[in-house]
Every structure is written in structure tokens, then in C-alpha cells.
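In what follows, a structure is listed as C-alpha cells, so that the remarks can point back to it.
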Amino acid sequence: MLLLQCPLLLLLLPLGSRPQKFPTRDEELFQMQIRDKAFFHDTSVIPDGAEISSYLFRDTPKRYFFVVEEDNTPLAVTVTPCDAPLEWKLSVQELPEEASGEGSGDPEPLEQQKQQITSEEGTELFSYKGNDVEYFVSSSSPSGLYQLDLLSTEKDTHFKVYATTTPESDQPYPELPYDPRIDVTSLGRTTVTLAWKPSPTASLLKQPIQYCIVINKEHNFKSLCAVEAKLSSDDAFMVAPKPGLDFSPFDFAHFGFPADNNSGKERGFLKPSKFGRQTSSKPRVDLHKVCIGNKNIFTVSDLKPDTQYYFDMFAVNTNTNMSTAYVGTFARTKEEAKQKTVELKDGKVTDVFVKRKGAKFLRFAPVSSHQKVTFSVHSCLDAVQIQVRRDGKLLLSQSVEGVRQFQLRGKAKAKYLIRLKGSKKGASMLKILATTRPNKQSFPSLPEDTRIKAFDKLRTCSSVTVAWLGTQERNKFCIYKREVDDNYNEEQKRREQNQCLGPDTRKKSEKVLCKYFHSQNIQKAVTTETIRGLQPGKSYLLDVYVIGHGGHSVKYQSKLVKTRKFC
């Protein structure tokens, strides 16, 4: 008899004078017994050996029933809170006696039978309050009507319930090893390596298990259900049912029944989505889940330095899609290597090297009172980001290419902290000068356009003519030439564009001439020069250096030229 083979039965309250058989794992019998959906909707039942997902409204209790028909029956009940703590209680009372009108065929009123079953308080077997996954396990349970009462006092929430009378053979949840902790085996500034012992369900029972890691900055999670609830309601759950309705079309689909669109419309159900549930979108949170197969060591990368992270591991049985949580852990990534602060001296140029995406800190503390402070920056390669703070207050934040000068209001006994941030493209080199003397200018002034222009029509087999812009300040300009191969290209030229390398790094044979030049009329601050003594059909790289009063030089953008082959 099926009832003896499956003692844990779904409760359908009696419709006749005799107790009705409860739904079992026999799907055909199950379908026959809940054909009256209005009646099915009016009860809350738990199937034997299947996990159900449901929803609680805040401060609105929900009760589930199941029947154990034989004494000394093994029983296991698991309740999984998802996104809020739960209060739940399991109790049992004796099965109702058969009605006095047995064999008459006259059914008792439904409300009268419900009252007959539930009017008396049962014997409490177990109770719990919290957000842990909690179990009730008994190797020998009495026969009776079991009640599971659940309540959420914090907020509307999802939860899962699993009950079985064959816990030894079912084992839907992966078993944890004797040491269920996650070990942090390696810790870096941006990486954390985790290791854990494999689940016996995989190593001994050879069931398909995969491990899922969850990383976040807030707290550890007790269940994968809680993780999925945090990520997004449409990742793992149905939407909240309407108040007063226990089931949506998704519930019937979950229990093996097609959703009835017509009945859904009558009850005001939302139209189910492609996956049998109404979906909704929520903003994503700083929470990451990654499933890595059956490996038991994993390195989490791309973390932030000096930041605390929480790590959770879940073993998932891919046959049942049910999971068990390892004991979570947390770890703080290592700090960035502390930067040595470079002291700047008033009026002295300091060379600085900054790694790609790196940062350097400099400090300037004038010894005397001052009304203004001037920072001159010469970025030799790619652009560099500069920030200047005075006694902690941000005064300046800009990107610098070439030569820039910033004049800031001074303050007595003020201390200035300069932060230089490197480019994403590559390492940065620069020269920086800080001074409280406004006339102390070590770097020469530059025009906005530092290109060298070559006149193609004036090109000959032995000479080229070029021009460049100057400024209103009288400076010394030196021009140099270097013969290069015909396959010399713009990429090679870009790699050699270190503006901080001065004429002292060039060969004497490469020097063409030096001259002084300026113009009070900025529109006329243009000079030309013809470079002679070149070879026909050859390529040359031309460089112009402007040298300031302090002896520091700045190089204009290099120019690649080629003489005519035939004249």
C-alpha cells in the first residue's frame, strides 16, 4: 500500500466522512487529489522529499502541514531563511478520528473539519529563531499531524522548506567535511587564495558537486538562498504573491502542474514569464558569485588593497540543485607599500619617476612666511596627474603635459603635500620646482604649440627649412639633427619623446646651431632655420631645445624630414 511506503504525506483536509489519503510522491495520485485547485489553494502542504520555496509577508504567519501515519518513522525537516531571520516551530498532534457518519456518503462541511483538526494545540517538538539554516532530525517520530509555523517579524522574505521520511537514502544536501572551514592560504594586496576540504558527497559518494564562492564587503552569508536574494529577486525566486493568495502559477508549475492562465486571470495573477515566474529587476550590489566546478583551491583577484572582504563557499549538488554552506571566513588585503615622501627645497628642481598607474608623494614646507607659492612641473613623457594640498585642504588637481606653472595663495607656516599619479599608458618622468620667490623661474616658457614645421617646397637634396614658435621671453634655442633609417616611423619617434633629455645628452656632431630669439608681439614670435650639408634622399630627425635662464631645457616635438633624392 502506497501509504505504508511513504509515511510522510501531504495534507488535504478531508472532504468526506472518512479520512482521505494524502498526496504522496506518486505524481498521478498527487494530481488526482488536488484537481480541485480552490481546495488546494486553501491549504498549505509539504511534499515528501522535495524542497519548496515560498514567501512570507512581515508579521503574517504561515502554517504548513504534513502527516506521518506510522510510529517510529524517521523524519528530517530543514528550513532555510533567505533574506531575513525567521521564527519557526514544529509541533505534532494526534490524527483526527473518523467522522461519526462513516459510510453515509455525506461530507462534513470543510470549515468544521479544519476546526476539528487544528483547534487543539499540538505538542511542540522544536522551535528556532534566527537566520541560520536549521534542522529537526528524528530517527523515530510518532504518527500524527505535523504543523510547521513560520513568521518573519523583520520584513517580507523568501524561505525554503524540505521535509523527508527517508533522510538516510535521500541526502539531497551535500555533506560537509569534518573540518568545514575555509582557509586563507595566501594574502596579497589585490589577491586572496582560498582552500577547503572536499565534500564527502563528492569524494566518497561520487555525486556531482560543484563549489560556488561568494565575495562581498559586508558580511558572511548562511545560505546560497540568501546570496541569491541579495543579488536580485529575479535570479532565483518568484515575485511576492498577492496578499491572501498562497500560490501563483509558478507554484503549480513547481509541483508539476501547468499554470492555468484562465484561473490566473480570475484570481488576479500576474502573467508568468518565460520561466514560469514574474520577474523584476533590482539594482546590483557589490556582491560576486563564481562557481568553479569541483576544484578545492581558488585565487580571488582584482581586489582593492587594505580592504576587508568576506568569503563564503557553498557545495552544490548539481543533481538536486540543493546546497550546503561551509563556514565562511574574512580577510583584509595587504596595504599598498607606503610611499616615501620626497622633500622639496625652495627653488631647486627635483627629478621624479612614477611607475605606470603608480603614485609619488612630495612635501614642500617653506621656512619663511610667504604670500604666494609657485609650482612648476615639466612632464617629460606622458601626462601626469598632480594634486596639491595645503594643510590637508585640496588646492589643485590637474593633468599636466609638457611644462605647466601653478601659482597658489600662500599661508604662514603652511605645509604642502603634492601627489603625482602616473599614466595608464606607461611610466612617467618629470621635473618639479616649488618656490616662494615669484621671479625664480627655472623652466623656460613655452608656446602652446611646440611642433616643428617643415616647408616641403623649400626642400632640396642637401637642405631642409623648418620653423617653430617662440615666446615673448628671450630664450636660447638649439637645433640638432640625426640621420635615421628610411623605415624609422612615428612609433619609434614617440618612444624617444623624452622632453627632459637636454642637449647635453646629444653628440657634438649632431648640433646644427644655437641662437637667441623672442618677440614682444606674440603673433610674430616665429623663427625659421635652414639646415644644410645633408645627404640626398636621406631621412633626418630634427630636435629643437629651448634653454631657460636656470639652465634647464625643454625639447620641442621631434620632426622627421627627408631630403630630395634628385635635384
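The values are calculated or read from the model by the stated rules, or taken from the named source; none is laboratory data. Bear in mind that the values here come from a model prediction, so they are computed numbers and not experimental data. Cβ placement follows ideal geometry from the backbone for every residue including glycine, while neighbour counts extend to all protein chains displayed. Ligands, DNA and RNA are excluded from the accessible area calculation, which covers all protein heavy atoms including side chains. Shrake-Rupley method; radii C 1.70, N 1.55, O 1.52, S 1.80 Å.
Within region 359-395, the residues that satisfy the criterion of being free of Cβ contacts under 8 Å to residues at least 60 places away in the same chain, under 15 Å from Leu344 (Cβ atoms) and surrounded by fewer than 20 Cβ atoms within 10 Å (Cβ to Cβ) are Phe361, Arg363, Ala365, Val367, Gln387, Arg389, Arg390.
If you go through region 319-335 and keep only what is in contact with a strand residue (DSSP E or B) (Cβ under 6 Å, 6 or more places away or on another chain), of a type in the set (Ser, Thr, Tyr) and outside any strand (DSSP E or B), you end up with just Tyr326.
Across region 503-550, the number of residues qualifying as farther than 20 Å from Val484 by Cα, among the small types (Gly, Ala, Ser) and touching a residue at least 60 places away in the same chain (Cβ under 8 Å) comes to 3. Only one entry in Lys295, Lys355, Lys304 is basic (Lys, Arg) and closer than 21 Å to Ser223 by Cα, namely Lys295.
Of everything in region 47-68 that is of a type in the set (Asp, Glu) and at pLDDT below 90, the residue that is least open to solvent (accessible area, probe 1.4 Å) is Asp48. Of everything in region 196-217 that is open to solvent by 20 Å² or more (accessible area, probe 1.4 Å) and hydrophobic (A, V, I, L, M, F, W, C), the residue that is modelled with the lowest pLDDT is Leu205. From the list Lys338, Lys411, Lys360, the lone residue that is farther than 30 Å from Ser53 by Cβ, part of a loop (DSSP other than H, G, I, E, B) and under 35 Å from the mean Cα position of the chain (by Cα) is Lys338. The numbered conditions (1) among the hydrophobic types (A, V, I, L, M, F, W, C); (2) surrounded by 17 or more Cβ atoms within 10 Å (Cβ to Cβ); (3) at pLDDT below 90 are all true for Val342 except (2). Here Ser169 fits the description: at pLDDT below 90 and surrounded by fewer than 18 Cβ atoms within 10 Å (Cβ to Cβ).
Only one of Val327, Val373, Val403, Val352 is under 30 Å from Asn131 (Cβ atoms) and outside the structural domain of Leu501 (by the TED database). Can you tell me which?
Unique residue meeting the criteria: Val327.
Restrict the check to region 77-88 and report whether at least one residue is modelled with pLDDT of 85 or more, within 16 Å of Ser138 (Cα to Cα) and surrounded by fewer than 15 Cβ atoms within 10 Å (Cβ to Cβ). Before you say what the answer is, go through the steps one by one.
We begin by selecting, within region 77-88, every residue modelled with pLDDT of 85 or more; these are 77-82, 84-88.
Then drop every residue that is not within 16 Å of Ser138 (Cα to Cα), which leaves 77-79.
Going one step further and asking which of them are surrounded by fewer than 15 Cβ atoms within 10 Å (Cβ to Cβ), we end up with none.
No, region 77-88 contains no residue that is modelled with pLDDT of 85 or more, within 16 Å of Ser138 (Cα to Cα) and surrounded by fewer than 15 Cβ atoms within 10 Å (Cβ to Cβ).
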